[in-house]
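A quick write-up on the structure given underneath.
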Amino acid sequence: MAKKRAVITGITGQDGSYLAEFLLEKDYEVFGLIRRSSTVNFERISHLQDKLELISGDLLDQKSLVTALQTAKPHEVYNLGAQSFVPASWEQPMLTGEITGLGVTRMLEAIRTTDEEIRFYQASTSELFGKAQETPQSETTPFYPRSPYGVSKLYAHWITINYRESFDMFACAGILFNHESPRRGLEFVTRKITHAVARIKHGIDEELRLGNLDARRDWGFAGDFVQAMWLMLQQDKPDDFVIATGETRTIREFCQVAFDRAGLDWENYVVVDERFFRPAEVNILLGDAAKASETLGWKPETSFEKMVQLMVDHDLEMVAKQSE
Ligand code: NAP
Ligand code: GDD
């Protein structure tokens, strides 16, 4: 039987790399959309490079998306590409809207132009809930985004649903709560903490400066979450699903577990710095993934403690190597 083919946008990012591994294990032919830059940034996929087909393209450029789909002839498209860092969205709101919002319409139009049968996954987010109208949050909770990123993702979410309803496309949106890993970007709070733990342990840094320690997040492991993306596209009909662990913790609690892992007391090192507070905050995220559990049979496998342990251990080793 011919292999299934998938295109992943955002393949150089955290989720893209885990999803590529997952699909390769399922014997897919995997095509990754790569935007041109003056230096290569393939760290997260370098171990897969001989198994992947990389296609040049950008969510800002309609023609490149059409060409990518004509080249790959995919059965499935996973749209993970985005300007995904919330604070940057206040600094570059237009760019965020263009990539994270309108980029989705460009991809949906590219699908309509090439093959309407392509199944489409959109990376929606718990940031849609923002100033949460109820807790826990499920597929029926009203949205109230709190950043230009969240607002762009709201547009992306609804355009996905609109193309499904308007053109009968197999388009799904996964409303994923925060998910982390040793491959998380260094600017996101979890990796910022585990990386700082490693640098402090190795005597390179003396403190870690953070913003709001009281915000709560429902943190899962990225490797578990990409499986849910695939499951959504294997169903008989397209739908939207919340993917979450159902546990919520403060940034303070994350610090405690991460510093503990390295035998350090977080209170001796963490300094609150106003610079890292946001103009509008998302105070509490806690997801109810009952629908995904019932319909997709999806459940998270990696515990919070295990995930933090993976991240701290990875960073301790990485910093040790760097300082050799
Ligand atoms: P990430 O590590 O920041 O990766 C983002 C990816 O998007 C990178 O590969 C980046 O490419 C690519 N990208 C940026 N601008 C692009 C453009 N103009 N055209 C094509 N690609 C572009 O994000 P992630 O954590 O893997 O998240 C994946 C997706 O899920 C994102 O859409 C994010 O908003 C969403 N999401 C994430 C979470 C989470 O907790 N991680 C939760 C819910 C939803 P470069 O390497 O070239 O920069
Ligand atoms: N980044 C960062 N840096 N966040 C901090 C800091 C800091 O120094 N100090 C406190 N925080 C708090 C933020 O105020 C926020 O409440 C929380 O830590 C999490 O911030 P991030 O790790 O940057 O993630 P996020 O929740 O804003 O966004 C991530 O998750 C979304 C899903 O809910 C990103 O991956 C988004 O792309 C994703 O949609």
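The values are calculated or read from the model by the stated rules, or taken from the named source; none is laboratory data. What you are looking at is a predicted structure, and each value in this text was computed from that prediction instead of being measured. Here the Cβ positions follow ideal geometry from the backbone for every residue, glycine too, while neighbour counts run over all protein chains shown. Areas reflect the complete protein model, heavy atoms only, side chains present, ligands, DNA and RNA absent. Shrake-Rupley method; radii C 1.70, N 1.55, O 1.52, S 1.80 Å.
Hey, which of these cross-link pairs are over 23 Å Cα-Cα: Lys4/Lys153; Lys237/Lys291; Lys3/Lys299; Lys4/Lys51? Don't skip to the answer; put the middle values down first.
On the way: Lys4/Lys153 28 Å; Lys237/Lys291 14 Å; Lys3/Lys299 27 Å; Lys4/Lys51 14 Å.
Beyond 23 Å between Cα atoms: Lys4/Lys153; Lys3/Lys299.
What residues qualify as long-range amide H neighbours of Val270, i.e. H under 5 Å apart, gap of 5 or more or another chain, H built at 1.01 Å from N?
Leu208
Report in % the part of the accessible area of the chain that belongs to carbon and sulfur, leaving out ligands and nucleic acids; probe 1.4 Å. Display every interim value, and only then the final one.
Details: 6990 of 14740 Å².
In the chain, the share of accessible area belonging to carbon and sulfur is 47 percent.
Could you tally the net charge around Ala173, taking each other residue with its Cβ under 14 Å from the Cβ of Ala173, Lys/Arg +1 and Asp/Glu -1? Walk me through the numbers before you get to the answer.
Values: positive: Arg119, Lys153, Arg164, Lys237, Lys291; negative: Glu127, Glu139, Glu165, Asp239, Asp240.
So the environment of Ala173 carries a net charge of 0.
Is the shape of the stretch 268-324 rounded, prolate or oblate, going by the alpha carbon gyration tensor and its root eigenvalues a ≥ b ≥ c, with a/c under 1.5 for rounded and a/b larger than b/c for prolate? Each step should come with its number before you reach the end.
On the way: a/c = 3.45, a/b = 1.31, b/c = 2.63.
Oblate.
Keeping all protein chains in place and using 1.4 angstrom, which order do Arg164, Arg278, Arg261 fall into by accessible surface area, from largest down? Working shown, then result.
Details: Arg164 40, Arg278 80, Arg261 110 Å².
Listed by decreasing accessible area, they come as Arg261, Arg278, Arg164.
When the convex hull of the C-alpha atoms of the stretch 167-210 is computed, what volume per residue in Å³ does it have?
On the way: hull volume 4.2 nm³, N = 44.
Here the figure is 96 Å³ per residue.
Accessible surface of Asp61 in the full protein assembly, 1.4 angstrom probe, to the nearest 10 Å²?
70 Å²
Using a Gaussian network model of the chain whose springs link C-alpha atoms within less than 10 Å, name the residue from Thr125, Thr140, Thr67 with the highest mean-square fluctuation.
Sorting by GNM fluctuation, first place goes to Thr140.
Chymotrypsin sites (Phe, Trp or Tyr not before Pro) within the stretch 59-138: which are DSSP loop residues with at most 16 other Cβ atoms inside 10 Å? Intermediate values should be presented prior to the final figure.
On the way: sites: Tyr78, Phe85, Trp90, Phe120, Tyr121, Phe129; in loops: Phe85, Phe129.
Here the chymotrypsin sites (Phe, Trp or Tyr not before Pro) that fit, given the DSSP loop and packing criteria, are Phe85.
Placing unit charges on C-beta atoms (Lys and Arg positive, Asp and Glu negative, everything else neutral), compute the dipole magnitude of the stretch 96-252 about its Cα centre in debye, rounded to 20.
700 debye
Could you order the peptides 227-238, 281-292 from most to least packed, using the average number of other C-beta atoms within 10 Å per residue? Provide the component values of the computation, followed by the final result.
Values: 227-238: 17.0, 281-292: 19.9.
Ranking, from highest mean packing down: 281-292, 227-238.
Under a point-charge model restricted to the Cβ atoms of Lys and Arg (+1) and Asp and Glu (-1), what is the dipole moment magnitude of the chain relative to its Cα centre, in debye to the nearest 20?
Values: 36 positive and 49 negative charges, 107 e Å.
That gives the chain a dipole magnitude of about 520 debye.
Excluding Asp27 itself, calculate the net charge of residues whose Cβ lies under 10 Å from the Cβ of Asp27, where each Lys or Arg counts +1 and each Asp or Glu counts -1. List each step's numbers first, then the result.
On the way: positive: Lys3, Lys4, Lys26; negative: Glu25, Glu29.
Residues near Asp27 contribute +1 overall.
With every protein chain left in place and a probe of 1.4 Å, what is the accessible surface of Glu317, to the nearest 10 Å²?
Near enough 110 Å² of accessible area.
Given H placed on each backbone N at 1.01 Å, which residues far from Gln92 in sequence or on other chains put an amide H within less than 5 Å of it?
Those lying under 5 Å, H to H, from Gln92: there are none.
With no solvent and one point on each alpha carbon, what is the Debye value of log10 I(q)/I(0) for the chain at q = 0.07, 0.09, 0.12, 0.14 Å⁻¹?
The calculated log intensity ratios at q = 0.07, 0.09, 0.12, 0.14 Å⁻¹ are -0.27, -0.46, -0.83, -1.13.
Shape call for the stretch 31-80 from the C-alpha gyration tensor, a ≥ b ≥ c root eigenvalues: rounded (a/c under 1.5), prolate (a/b greater than b/c) or oblate? Intermediate values should be presented prior to the final figure.
Details: a/c = 2.11, a/b = 1.28, b/c = 1.65.
Taking the square roots of the gyration eigenvalues as a ≥ b ≥ c, the stretch 31-80 is oblate.
Could you tell me which of Leu23, Ser89, Ser64 has its Cα farthest along the dipole of the chain towards the positive end, charges placed at Cβ (Lys, Arg +1; Asp, Glu -1), taken about the Cα centre?
Positive-end residue among those listed: Ser64.
Find the accessible area per residue for the stretch 50-171; the probe is 1.4 Å, ligands and nucleic acids are left out, and the unit is Å². Please report the intermediate quantities before stating the final value.
Numbers: 5350 Å² over 122 residues.
Using a 1.4 Å probe on heavy atoms only, each residue of the stretch 50-171 averages 44 Å².
Straight-line reach from Lys201: which lysines fall under 25 Å, measuring Cα to Cα and dropping same-chain residues less than 8 apart?
Of all the lysines, those that pass the test against Lys201 - Cα under 25 Å, at least 8 places apart if same chain - are Lys192, Lys306, Lys321.
Out of residues 5 or more away from Tyr144 or on other chains, whose amide H comes under 5 Å of its own, with H placed 1.01 Å from N in the peptide plane?
Distant-sequence amide H within range of Tyr144: Phe129, Gly130, Lys131.
Let a ≥ b ≥ c be the square roots of the eigenvalues of the Cα gyration tensor of the stretch 1-74; is it rounded (a/c under 1.5), or, if not, prolate (a/b larger than b/c) or oblate?
Details: a/c = 2.09, a/b = 1.12, b/c = 1.86.
Since a/c reaches 1.5 but b/c is at least a/b, the shape of the stretch 1-74 is classed as oblate.
Filter the chymotrypsin sites (Phe, Trp or Tyr not before Pro) in the stretch 234-321 to those in DSSP coil with at most 16 other Cβ atoms within 10 Å of their Cβ, and list the result. Show your work: numbers first, answer last.
On the way: sites: Phe241, Phe254, Phe259, Trp266, Tyr269, Phe276, Phe277, Trp298, Phe304; in loops: Tyr269, Phe277, Trp298.
Loop-located and lightly packed - Phe277.
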